[in-house]
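Chemist: Dropping the structure in here first, questions after.
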């Protein structure tokens, strides 16, 4: 698979405790992106954050949160990401999604 130099980066901001079909939502999103043939996805776990409700979530020991921020990043073409986002939009009850330009410098896999 090749990607055009002018790609897009989709970021989906959710909580660690968000679920879909009995599994973590971030896991479901990555597996769904793979099943849809998207170029790649990464899940990042935040150390601290807040969202629309302004509640602070943190990994500090004295205030250990059970719902740390999660960012799912997916890179592909705008068309594929728009289609993916339309499929998952209703599954994300709290959070945010952003779509921005990404200049793809290279996209390659390890050779066998």
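Chemist: Please count how many residues of region 12-30 are in contact with a strand residue (DSSP E or B) (Cβ under 9 Å, 6 or more places away or on another chain) and surrounded by 16 or more Cβ atoms within 10 Å (Cβ to Cβ).
Modeler: 12
Chemist: Going through region 84-98 one residue at a time, which ones are surrounded by fewer than 15 Cβ atoms within 10 Å (Cβ to Cβ) and either part of a strand (DSSP E or B) or free of Cβ contacts under 8 Å to residues at least 40 places away in the same chain (or both)?
Modeler: 86, 89, 90, 96, 98 - these are the residues of region 84-98 that are surrounded by fewer than 15 Cβ atoms within 10 Å (Cβ to Cβ) and either part of a strand (DSSP E or B) or free of Cβ contacts under 8 Å to residues at least 40 places away in the same chain (or both).
Chemist: Something else now. Please go through region 1-11 and pick out each residue that is modelled with pLDDT of 95 or more and over 18 Å from residue 47 (Cβ atoms).
Modeler: Residues of region 1-11 modelled with pLDDT of 95 or more: 8-11.
Once the filter is applied, which keeps residues that are modelled with pLDDT of 95 or more and over 18 Å from residue 47 (Cβ atoms), region 1-11 yields 8, 9, 10.
Chemist: Please name all residue pairs, on different chains or six or more residues apart, with Cβ atoms under 7 Å, provided the first residue is in region 10-31 and is over 19 Å from residue 51 (Cα atoms) and the second residue is at pLDDT 95 or above and part of a helix (DSSP H, G or I).
Modeler: Partner pairs satisfying both residue conditions: 20/28; 21/28; 29/88.
The values are calculated or read from the model by the stated rules, or taken from the named source; none is laboratory data. Predicted, not measured: the structure shown is a model, and the values here were computed from it. Methodologically, a virtual Cβ is constructed for each residue, glycine included, from the backbone with ideal geometry; neighbour enumeration extends over all protein chains shown.
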